[in-house]
Amino acid sequence: MDSSRPVALLPPEVSRRIAAGEVIERPASVVRELIDNSLDAGADRIDVSWDAGGAELIRVTDNGQGMSRDDLELCWKPHATSKIRTIEDLEQSRSLGFRGEALASVAAVSELEIRAARPTADSGDLLVVRNAEQIRLEPAPPVAGTSVQVRRLFANLPARRRFLSRPQAEAQAIRNTIMDKALPFPEVRFSHQSGTGDPRVLPSQNLTERVAAVFGSRVPPQSLQEVAGSGEGFGLTIVAAEPAIVRRDRRLIQVFVNRRRVWEYKLIQAVEYAYQDVQHGGLYPAAAVLIDVDPALVDFNIHPAKREVRLRNGGEIHHRIVEILRGFLRAWTVRGTVLDGEFWPRGVAERDTAPAARPPEPAPPTPPTGSPSTHPASRFGGRTARPTTPTTLATPATGRGERNDRGDGADSGADRSWRRPAHFDHETRAIPGADQLVYRGTLFGTYLVVERGDRAWIIDQHAAHERLLYDRFAAARTSQRLLVPDEFEVTEDQDASLRAHHEEYRSIGIVLERTAVRRWQLNAMPAEYRENTEDMIDTILELGGLHDALDRRFVAEMACKAALKAGDYLDEMTATQLAERTLALPEPRCPHGRPLYIELTQDRLAHLIGRA
């Protein structure tokens, strides 16, 4: 406070403009407030048009309940509203606008005209307001609802007007606002038009169709599915895209509370968390989450534009969103494993459909010499490079940093030494079905073919092993000290990264210590990683810190490196065991979202081959 000047009340015209600036930031803010009023008036048709990015003209027309002459005389004044009368009304309000600030704020910074009539009235009225001063209120021809026209926005606030963006950018902001309002009201017909251009129309439609229209070509309509659930004091409807649809940003994770778009990070995070095992490494899903909450459990009054919200039961809602979406993803994955008429599972992620590299040589017709109990590859979880002869294993190890970065898990061409990633015994969970699983062989050194009864499965051995290792590594958190620390050298950049992030790895049981410039040692780690120390250090150096992904990406990278590769040979016992464990998984997809197998019935095969 300036102590040299006395305290004084602001003149009404100054205070009105300051208050208006909190609600009306740009032309899109006007559109937002006017659409809210139209929806609250029960309109099922709303038309929006504008010129010059909304700076010169905005017009919003609806077919709602309209207003009487007395309503028009009061509606533009501060704190005038038809939606609440008492504190109890405020706590139970489900209307989009309830503060009585919208028209008052618009009137303070523009030239405002409103035409309105009640549905059964023989005539209507016209209200004209200039810079928060009523110019006239006079009879006019009746209209079906209300038409609000806003001209010369911020003409009396030249500093604010100068800071508006280019008309094209302001127009896009208006379009985005209309889409935000249209998505949770699919029963309402919206149209919008810029200047003399052709109007875009969103007809009355169901929710999934409306989400598809709002998301546009970025999300194919057939990839969307509607799921629902509820909890104490709230209901949830989610329209989610299959995980094959990926984004590089969060723009298509949209959350609505009581039909109002909110930017509540914890709720957006719930969607990301549900998809985390099928999308990671900077990929995000597309989903619209509509939450209907008891008004007594929600507070929108923490932001002038109601963009933020407080929920008393936010933790329960977060948990339920994750639960519902994970159920959808499990169903999608199972559905995606059934071979359709085009020989491809539905929903396969396009980014991961590149074929695996052809192995360097054909698979040997018989297993290597030696009993299954003694040969390394016979112990499931073990991995061997393709033998160059039936009795010899390749032994040279790949140097640190030389790794295969391809998503298909194929070998890079260099032989790799066998390192057993984890111990698995030969006990497997029982799989439904009386018939025994029969191993029929391997296709292209990559895909296991197994059969039970009238069904057959083609299993990607890398993806299946990767999923099993991912689950095991993700559960490993108990740190064990090494009798002899593993020392390793790093580059200057890696040294700086480890110094910044090494404490993050302690949270998942990995203890790193700097012993000299560009030299570190590994002192402790979970026992499950013991056979994969080199891969683990490689992954740490590549990722730097765990960052927002926590340890999920780290575990996924570890599993990918340690898993069997295309071209790795499996004997019959090991292949059968891998198949049994894979078919017993509740979610048959790898950490990157690809299906682990495709399923084919005898009848389906007969139909495809022309025997049925």
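Bear in mind these aren't lab numbers, they're just calculated from the coordinates by the rules spelled out. Predicted model, so just to flag it, every value in this text is computed and none were measured. All Cβ positions, even for glycine, are placed from backbone atoms using ideal geometry, and neighbour counts span all protein chains on display.
By the count of neighbouring beta-carbon atoms within 10 Å, fewest first, Lys181, Lys561 end up ordered Lys561, Lys181. Exposure proxy ranking for Leu112, Leu522, based on other Cβ atoms within 10 angstrom of each Cβ and starting from the fewest, stands as Leu522, Leu112. Less than 5 angstrom separates the built amide H of Gly567 from those of Thr446, all sequence-distant by 5 or more or on a different chain. Each residue of region 48-57 was assigned a 3J(HN,Hα) from its phi angle through the Karplus curve 6.51 cos²θ - 1.76 cosθ + 1.60 (θ = phi - 60°); the sequence is 10, 9, 7, 10, 6, x, x, 6, 9, 7 Hz, with glycine and proline shown as x. As a proxy for reagent exposure, Arg162, Arg250 were ordered by neighbouring Cβ count within 10 angstrom, fewest first; the result is Arg162, Arg250. Couplings 3J(HN,Hα) of region 230-241, computed from phi: 8, x, 5, x, 7, x, 10, 10, 10, 10, 10, 8 Hz, in residue order, whole Hz [Karplus 6.51 cos²θ - 1.76 cosθ + 1.60, θ = phi - 60°; x for Gly and Pro]. Counting only DSSP beta bridges with both residues in region 184-300, the antiparallel share comes to about 80 percent.
Rg and Dmax, both from the Cα atoms of region 207-336 and both in Å, are 14.2, 45.
Distance between the C-alpha centres of region 574-595 and region 206-276: 28 Å, rounded to the whole angstrom.
If only the Cβ of Lys and Arg carry +1 and only the Cβ of Asp and Glu carry -1, the dipole of region 207-336 around its Cα centre is close to 400 debye.
Could you give me D for region 464-575, from Stokes-Einstein at 37 °C and 0.692 mPa s, where the hydrodynamic radius is the Kirkwood radius over C-alpha pairs? Units µm² s⁻¹, please. The calculation lands on 223 µm²/s. In region 235-279, the C-alpha radius of gyration followed by the widest Cα-Cα span (Dmax) gives 10.8, 29 angstrom. For region 143-153, the Karplus equation 6.51 cos²θ - 1.76 cosθ + 1.60, evaluated at θ = phi - 60°, returns couplings of 10, 7, x, 9, 10, 10, 10, 10, 10, 6, 4 Hz by residue, with Gly and Pro reported as x.
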